[in-house]
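The values are calculated or read from the model by the stated rules, or taken from the named source; none is laboratory data. Note that the structure is predicted; figures quoted are calculated from it, not measured. Every residue, glycine as well, gets a Cβ built from its backbone with ideal geometry; the counts of neighbours run over all protein chains shown. For the accessible areas, the whole protein counts, side chains as well, though only heavy atoms, and no ligand, DNA or RNA atoms are used. Shrake-Rupley method; radii C 1.70, N 1.55, O 1.52, S 1.80 Å.
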Amino acid sequence: MPDMRFAPPNPLRIADRASGLNAVSVRSYNERLVLSLLLQSKDITRLEIGERTGLSAQTVSVIVRSLEQEGLIAKGEAQRGRVGPPTVPISLNPEGAYSVGISVGHRQVEVVLVDFVGSIRFRTVLPLSAASQDSNHPQFMRTVAKAVASLPQHLHTRIAGIGLALPGDEAELELTPKATRERFDALQDELEKEIGYPVYVQNDITAAAGGESMFGVAKHLSDYLFFYLGARLHSRLVLNHQIYNTTAAVSFDVGILRLEQEIRKNGNSPSELWERRADWPSFGDAEIAWQRELLEQMKSSIAALKPFVPVASIVLSSYAPQAVCKAICRELEQGMPGISAIAGNIERSPKAVGAAGLPFSSRFMVE
């Protein structure tokens, strides 16, 4: 596909694992290094930046001054210690950059606009509709334009780009491969030409994993097994902050779509499953049986991986209610001693928020 820009498949690397270079020719890299560290660690001092990056005090001062002038970082109030001059904490400026994230899901499309620290400033959900003759996705254009317009005009230049999270499992969209490819090609082309911002494309599950690493509970985890609970259950292995993805889509048919089928068998309506609600009503025996099957699949995946990679941390991300994810994590920990299972904290729109992080990682962070 010509002219397609793919964002790096990895989440940002934690800056204290990289080494800074003081040469003028790599100043841009050093700026990215500092921004990456600030994204991972809120309110740190210049001294701490130097210690964790290996940059000289003079280089850190120059970079901090430059990034502050550009509005990407902000200084906090001076903290007085027992000895020496007061220290000034530094953090990312939430209004320093913005990004639009779009996620194409099983039945819906989510569009968000996030600030530089991942806070959602705009969010909407669209039904997944068929392609039209004139434009494959006219509703995307209007919604993305609305997301951009939700910012004051003077902040439009702060938009880093648009992240597009697309499913790798074509069966989820119930489309033929050709139709799927044509729709996605047209969508990216339309976004870049009509909205005017660069579009960064990534697999949706990889984007969700990157979002938890950049903005969520996995910020400080270097090695973990990532599960995404959507229409199906998906997994990604993250080692040394890098997301590993096979060329073939790997998913298990024990996701929310399976729960919907079980609920229908009992003659009940499962419409609440797809509404991004804060909580689900009780689905009784159908939900209990589904959760048991889901846990067995997760345990099987972990057990299959353990002889090769001793992963001890599990992250479960989903648009399902967080209470449901936390309950699954508790059951997983009880059934597998030595495993720490954590529910993701990017609620309702993890893939869209992960997509919104793609322009940030591509334009501001170390690769």
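Leaving out same-chain residues fewer than 8 places away, which lysines sit with a Cα under 23 Å from that of K193?
Correct list for K193: K146, K178.
Using alpha-carbon pairs under 8 Å, 6+ residues apart, how would you state the relative contact order of segment 204-259 in percent? List each step's numbers first, then the result.
On the way: 79 pairs, mean separation 17.7, N = 56.
Reported relative contact order: 32 percent.
How high is the relative contact order of segment 193-293? Use alpha-carbon pairs under 8 Å, at least six apart in sequence, and give a whole percent. Numbers along the way, then the final one.
Numbers: 101 pairs, mean separation 18.2, N = 101.
Across segment 193-293, relative contact order equals 18 percent.
Grab the other residues whose beta carbon is less than 14 angstrom from that of V100, score K and R as +1, D and E as -1, and report the net.
On the way: positive: R121, R123, R142, K146, R158, K351, R363; negative: E110, D115, E190, E192, E194.
Result for the neighbourhood of V100: +2.
With the cut-off at 15 Å, report for segment 186-250 the share of all Cα pairs above it, as a whole percent.
58 percent
Which links in K42/K75; K219/K326; K75/K351; K265/K351 stretch past 20 Å when you go from one Cα to the other? Numbers along the way, then the final one.
On the way: K42/K75 11 Å; K219/K326 18 Å; K75/K351 31 Å; K265/K351 29 Å.
Long pairs (Cα-Cα over 20 Å): K75/K351; K265/K351.
Counting other C-beta atoms within 10 Å, and keeping those with at most 14, which DSSP coil trypsin sites (Lys or Arg not before Pro) do you find in segment 267-350? The partial results should precede the final answer.
Values: sites: R276, R277, R292, K299, K326, R330, R348; in loops: R276, R277, R348.
Taking segment 267-350 and a limit of 14 other Cβ atoms within 10 Å, the loop trypsin sites (Lys or Arg not before Pro) found are R277.
What nm value, rounded to one decimal, do you get for the distance between E272 and K219 when each label is placed 7 Å out toward the C-beta?
Modelled inter-label distance: 3.2 nm.
At 0.36 nm per residue, minus the direct Cα-Cα distance, what do L128 and Q153 gain on full extension? Give it in nm, one decimal, please.
On the way: separation 25, 0.36 × 25 = 9.00 nm, distance 2.97 nm.
6.0 nm is the gain from fully extending L128 to Q153.
Determine the sum of side-chain charges near L237: Lys and Arg each +1, Asp and Glu each -1, restricted to other residues whose C-beta is under 13 angstrom from that of L237. If you can, show how the numbers build up before the last one.
Working: positive: R236, K306; negative: D223.
With Lys, Arg at +1 and Asp, Glu at -1, the neighbours total +1.
Can you give the FRET efficiency for E333 and Q108, using 1/(1 + (r/R0)^6), R0 = 25 Å, r = Cβ-Cβ distance, to the nearest 0.05? Don't skip to the answer; put the middle values down first.
Details: r = 31 Å, r/R0 = 1.24.
That gives a FRET efficiency of 0.20.
Quick check: at a probe of 1.4 Å, how many percent of the accessible area of segment 289-344 sits on carbon and sulfur atoms?
Numbers: 1340 of 2460 Å².
Carbon plus sulfur share of accessible area: 54 percent.
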